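Working notes, structure below.
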Amino acid sequence: MAKLILSLEGQVIREIELNKERMTIGRKAHNDVQIENLAVSGEHAAITTILNDSFLEDLDSTNGTLVNGAPVKKHVLQHGDTVEIGKFHLEYVNPQASQEAPDFERTMVLRGPIGMPPPPPGDNQPEFSKTSINKQPLQMEPPPAPAAETPHAVKPPPAPPVEARPAAIQVLSGPNVGKELDLTKSLTSLGKPGVQVAVIAKRPHGYFITHVQGTSFPVVNGKTLDNQPCPLHDHDIIELAGIKMEFFLK
Amino acid sequence: MGQGLESVLEIVKLSDPGMVRSHNEDSVGADAGAGFAILADGMGGYNAGEVASGMTVAMLTDNLKAALRDDCRDLRALAGDEVQKTNGAVFQAAQSQPQYNGMGTTIVLTVFCDNRVTVAHIGDSRLYRLRGEQFEQITRDHSLLQEQIDSGMISREDARHSHNKNLVTRALGVEAGVAVEVNEYPVEIGDLYLLCSDGLNDMVTDEDIQLTLSLMGANLEMAAQQLVQMANDNGGRDNVSVILVRVVGDFAQKRGWFSRLLSWFGQ
């Protein structure tokens, strides 16, 4: 179950489990999470939890609510997010997200009304039917790096997969001689659309050129390509549709 | 009519287990001549997912090949009925063996006829369309996340970071009856349709999908391989399947004068 770790100036005060569909945070005693401090409004914020997602909402508080240093009105909490209310910090911890469980991507059927907690087993009520079993996958993804140490740091987006080094094409002949084209997108096309097309694919481990359309095939370093993608190396010379260009890493 | 759409529709299908899963529980099927394509993403323990999606594609393929010999006037009803029949069969099979209990599948079915495409779907497998520069998701997911987006609870952007992905609100085969969503759209020459399981759109952005279809659409085999490769390069955490359908010609149905008269009166 997801939870919040309440702390003040680095000192952990307590842990709060998000075990209710709606939990309010504020100065007044009736709140699920009571924070006695003048910088905190009577009813400051609320967290709504639906299955594995928790949504934070500021309840028009006087001093506002911050997430990772930025003011928010509504926010979907991510594992490691730090909520600031007054001087208090609440770190959102979601064990589901932190494990990258193999079941994470499995499609499952919801068979009950949304928002109902799962009934005790053996019940014949509408239930969340998990139509899959836990299987050991062949290849496990390495778990993501732990959340940033400093509570005040802006949480970085989930680490992207390994990316190829920046690269570009320089045109060596024809009307566009001298022009440079950065290969920033996952696919860059070369040649005349509809007539003679090759694409350069940017993959995690490098760049590859593939013939897509047209009667003649690209030539790389003097060798005519076949139908297969061809890996590109620094300073390779490509010839296509009568134009010469150089591939280089930046 | 017998359709005979081989010269008008170019279809390529590709299904891959991905980088993490040991089984492929997606199934794909298509028949360009008859004018249909089917994609199903199965769920269930052991190999039940494979059974559910495989059965679904096999049954629909056989039944549609037979049913589409006649004209396509009531295609929406036909598609709905056939999917409902398939639901019944999968549900029955699910009751018959303990390891099949609870099995189910998503489905996207497209039937091309008379310059229109009839789309029947259940779950979160999708149909996209590239028409010129316009790339659009045609089907709306039957998922918890989509319901939250529709009700304004969560933005599309936030949905990308949700932990509730892959929770569908409907599936084929999990109950005796199922609500199939059926729609019909006009088709234009040059249209490129993409049926895919969530193993694609969960791993690859819409922008990259559109880029692939735009740049490599002239070569459907390569485009399909590129889509699967991108999903795997980005982690491949689920089975990934795609079917690409390109419309290269007109397929208006020839009609006798009486038929045209009837359709004038909305028959």
Q. Which condition number in (1) under 18 Å from A:VAL93 (Cα atoms); (2) surrounded by 14 or more Cβ atoms within 10 Å (Cβ to Cβ) is the one that A:VAL40 fails?
A. (1)
Q) Considering the range B:192-216 alone, what residues qualify as being buried (at least 19 other Cβ atoms within 10 Å of the Cβ), under 30 Å from A:GLN196 (Cβ atoms) and more than 9 Å from chain A (Cβ to nearest Cβ)? A) B:LEU192, B:TYR193, B:LEU194, B:LEU195, B:CYS196, B:LEU200, B:ILE209, B:LEU213
Q) If we keep just the residues of the range B:57-85 that are closer than 18 Å to B:THR118 by Cα and touching a Gly at 6+ places or on another chain (Cβ under 8 Å), which is surrounded by the fewest Cβ atoms within 10 Å (Cβ to Cβ)? A) B:ARG69
Q) Tally time: how many residues in the range B:32-76 are assigned to a loop (DSSP other than H, G, I, E, B) and basic (Lys, Arg)? A) 2
Q | Residue count for the range A:188-217, restricted to those that are among the small types (Gly, Ala, Ser) and either surrounded by fewer than 17 Cβ atoms within 10 Å (Cβ to Cβ) or in contact with a Ser or Thr (Cβ under 7 Å, 6 or more places away or on another chain) (or both) | A | 5
Q: Just give me the residues in the range A:12-28 being buried (at least 17 other Cβ atoms within 10 Å of the Cβ) and either farther than 13 Å from A:VAL93 by Cα or charged (D, E, K, R) (or both), in sequence order.
A: A:MET23, A:THR24, A:ILE25, A:GLY26, A:ARG27
(Q) Would you confirm, using the coordinates I've provided, whether B:GLY199 is over 25 Å from B:CYS72 (Cα atoms) and out of contact with any Phe, Trp or Tyr (no Cβ under 8 Å at 6 or more places or on another chain)? (A) yes
Q. Within the set of pairs 6 or more residues apart or between chains, which connect a residue that is facing chain B (nearest Cβ under 9 Å) and assigned to a loop (DSSP other than H, G, I, E, B) inside the range A:85-108 to a residue that is surrounded by fewer than 18 Cβ atoms within 10 Å (Cβ to Cβ) and modelled with pLDDT under 70 with Cβ atoms less than 7 Å apart?
A. A:GLU100/A:GLU141; A:GLU100/A:PRO143; A:GLU100/A:PRO144
Q: Determine whether B:ARG126 is surrounded by 21 or more Cβ atoms within 10 Å (Cβ to Cβ), under 19 Å from B:ALA79 (Cα atoms) and either within 14 Å of chain A (Cβ to nearest Cβ) or in contact with a helix residue (DSSP H, G or I) (Cβ under 7 Å, 6 or more places away or on another chain) (or both).
A: yes
Q) Which pairs do you get when a residue that is modelled with pLDDT of 95 or more and part of a loop (DSSP other than H, G, I, E, B), found in the range B:187-211, comes within reach of a residue that is among the acidic types (Asp, Glu) and surrounded by 24 or more Cβ atoms within 10 Å (Cβ to Cβ), reach meaning Cβ atoms under 9 angstrom, with the pair 6+ apart or on two chains? A) B:SER197/B:ASP26; B:SER197/B:ASP41; B:SER197/B:ASP124; B:SER197/B:ASP238
Q.
Taking the conditions exactly as written (more than 9 Å from chain A (Cβ to nearest Cβ) and among the hydroxyl-bearing types (Ser, Thr, Tyr)), does B:SER241 satisfy them or not?
A. yes
(Q) Which of the numbered conditions does A:LEU18 fail, given that it passes all the others? Conditions: (1) away from chain B (no Cβ under 14 Å); (2) within 15 Å of B:ASN164 (Cβ to Cβ). (A) (1)
**Q.** Only listed residue being more than 26 Å from A:ALA164 (Cβ to Cβ) and away from every other protein chain (no Cβ under 12 Å), chosen from B:ALA224, B:ALA176
**A.** B:ALA176
Q: Tell me, yes or no, whether the range B:45-55 has at least one residue that is out of contact with any strand residue (DSSP E or B) (no Cβ under 7 Å at 6 or more places or on another chain) and away from chain A (no Cβ under 14 Å).
A: yes
**Q.** Residues being free of Cβ contacts under 8 Å to residues at least 60 places away in the same chain, assigned to a loop (DSSP other than H, G, I, E, B) and crowded, with 19+ Cβ neighbours inside 10 Å - total across the range A:52-76
**A.** 1
**Q.** Enumeration of residues in the range B:160-186 that are without any contact (Cβ under 8 Å) to a residue 40 or more places away in the chain and not in a loop (DSSP other than H, G, I, E, B)
**A.** B:LEU167
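The values are calculated or read from the model by the stated rules, or taken from the named source; none is laboratory data. Keep in mind it's a predicted model, so treat the numbers as computed, not measured. Reconstructed Cβ throughout: ideal geometry from the backbone, glycine too, with neighbour counts over all protein chains shown.
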